[in-house]
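The values are calculated or read from the model by the stated rules, or taken from the named source; none is laboratory data. All figures in this text were calculated on a predicted structure; none of them were measured in a lab. Please note: Cβ atoms are built from the backbone with ideal geometry, for glycine as well, and neighbour counts cover all protein chains shown. Surface accessibility is based on the protein's heavy atoms, side chains included, excluding ligands, DNA and RNA. Shrake-Rupley method; radii C 1.70, N 1.55, O 1.52, S 1.80 Å.
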Amino acid sequence: MMEKDSLNVLILAAGLGTRLRPLTNDVPKPLVPVVDASILDLQARKARAIGNIRLHANAHYLADQVVAAGKTLGFEKVWVELPDILGTAGPLKRIYNEGYRGGLLIMNGDAYCNFDLKAFVRNALALAAQPNGPQVALLAVDFPKVNTFRVGADGRLAGVVGRFGSEEGLPATFSGVSWYSDEALSRIRDGEFDIREFWKQEIAAGRAPFVDMTQLHATWIDMGSPEGLMSACMARMDELGCKFYNDTETNACAMRKCVIHAGVEMPSMAVIDHSILYPGAIVNQGEIIENEIRGKGFKWNVPPTPVY
């Protein structure tokens, strides 16, 4: 059994990336570049800012690539899920059953965000230490397109619209970031697939998860769709303070708010505006490319409206 001196952090990275096909035919979604780095890399950097942690990820689709990236990024372990994916609850219980202790922070491998994770964990630990304090904390954002959470006056989860519990309370959206004490992890049933079923059980037992509403308006982007990927890349360039990102050896074209990855052959006189070019993208001489994501065998028209 592992000592409790370190917080365990699990980045969920086992998704199939179907909304980003064919871009994800050869690379898993958590390793798709968002300007200069993958989401797996960016999430790992944010997790390390917390302090003393042990980094984990799970993997299923193109798992060997995630395992290799985990080694490069210094992960404690990448937990491969084969032949079947374990859902959103199974990976948590697996880590607990293998003897890891010290609590568990969950992050998504397809979300570009700027949360203060250290503050979130600090708040969760303080509440959990109180008499009858919540042993699960869920970080919420305000995303009106979803906002299926209902939060009671006590700050705890009252229900998830369309799934269980009350439909009364403050609306919010689950960000994918959550914290579980060892006590809570011990109560997840072996074989449980959907973590929402565990929340439902906790509510029924009078142990409703706490919903942290202090970062409702932080940047949070689901980059698992073409629109989300575009928004994540634009946000990353803003974070880096750059107007364009060019990883090729040519400057023979006009570039405005765009990302051009290595492996793209850029002809002269092309204009690239608010677009992303992945390896294999075909660009013709003098072509004007605007509001597009291109790569090997695909071209997506993506409006410039942000989705976050």
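So the values come out like this:
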| item | result |
| --- | --- |
| Rounded if a/c under 1.5, otherwise prolate or oblate - the chain, Cα gyration tensor axes | prolate |
| 1.4 Å probe accessible area per residue over the stretch 203-308, in Å² | 48 Å² |
| Under 13 Å, Cβ to Cβ, from Pro91 - net charge with Lys/Arg +1 and Asp/Glu -1 | -3 |
| Sites Asp26 and Leu125, calculated FRET efficiency, Cβ-Cβ separation with R0 35 Å, nearest 0.05 | 0.30 |
| Dipole of the chain [Lys/Arg +1, Asp/Glu -1 at C-beta], most positive-end residue of Leu117, Cys253, Pro83 | Leu117 |
| Of every Cα-Cα pair in the stretch 70-122, the percent that sits beyond 17 Å | 52 percent |
| Hypothetical label at Ser186: residues of the stretch 1-38 whose amide nitrogen lies under 16 Å (7 Å Cα-Cβ projection) | 1-4 |
| Size of charge dipole - the stretch 102-175 - debye, nearest 20, with Cβ of Lys, Arg +1 and Asp, Glu -1, no other charges | 120 debye |
| Relative packing of peptides 76-84, 34-42 - highest average C-beta neighbours within 10 Å first | 34-42, 76-84 |
| Gyration tensor over alpha-carbon atoms, the stretch 100-140, equivalent ellipsoid semi-axes in Å | 21, 12, 9 |
| Interchain or long-range residues, amide H under 5 Å from Asn108's placed H | Leu12 |
| Sum of side-chain charges, His60 neighbourhood, beta-carbon under 9 Å (Lys, Arg +1; Asp, Glu -1) | -2 |
| Segment Thr248-Thr214, extension gain: residue separation times 0.36 nm, minus the distance between their alpha carbons | 8.1 nm |
| Sum of side-chain charges, Asp190 neighbourhood, beta-carbon under 10 Å (Lys, Arg +1; Asp, Glu -1) | +2 |
| Taking the chain and dividing mean pair separation by its residue count, relative contact order in percent (alpha carbons under 8 Å, at least six apart) | 16 percent |
| Average Cα contact separation per residue, the stretch 3-76, under 8 Å, 6 or more apart, as relative contact order % | 42 percent |
| Reach of Lys29 by Cα under 17 Å, taken over aspartates and glutamates that are not fewer than 8 positions away in the same chain | Asp41, Asp64, Glu81, Asp110, Asp222, Glu227 |
| Pairwise FRET efficiency - Met269 versus Ala153, Cβ, R0 = 51 Å, nearest 0.05 | 0.25 |
| Linear extension gain, Phe193 paired with Lys71, 0.36 nm per residue minus alpha-carbon span | 41.2 nm |
| Volume per residue that the Cα convex hull of the stretch 1-95 spans, once the total is divided by residue count, Å³ | 105 Å³ |
| Lys145, Lys299, Lys4, Lys29, ranked by accessible area, largest first (probe 1.4 Å) | Lys145, Lys4, Lys299, Lys29 |
| The stretch 124-280, relative contact order [Cα under 8 Å, separation at least 6], % | 18 percent |
| Kirkwood-based shape ratio for the stretch 104-226, expressed as Rg/Rh from alpha carbons | 0.94 |
| Label-point separation, Asp142 to Gln285 (7 Å along Cα→Cβ), nm | 5.3 nm |
| Carbon plus sulfur fraction of accessible area for the stretch 1-108, probe 1.4 Å, in percent | 50 percent |
| Within a Gaussian network of the chain (alpha carbon springs, distance under 10 Å), most fluctuating of His217, His60, His274 | His217 |
| Pairs from Lys93/Lys118; Lys257/Lys296; Lys46/Lys118 whose Cα-Cα separation, in the structure shown, is over 18 Å | Lys93/Lys118; Lys257/Lys296 |
| Estimated 222 nm signal from helices in the chain, with DSSP H stretches of n ≥ 4 weighted -39500 (n - 2.57), rounded to 500 | -7000 deg cm²/dmol |
| Amide H contacts of Gly159 (H built 1.01 Å from N, under 5 Å, at least 5 apart or other chain) | Arg150, Ser166 |
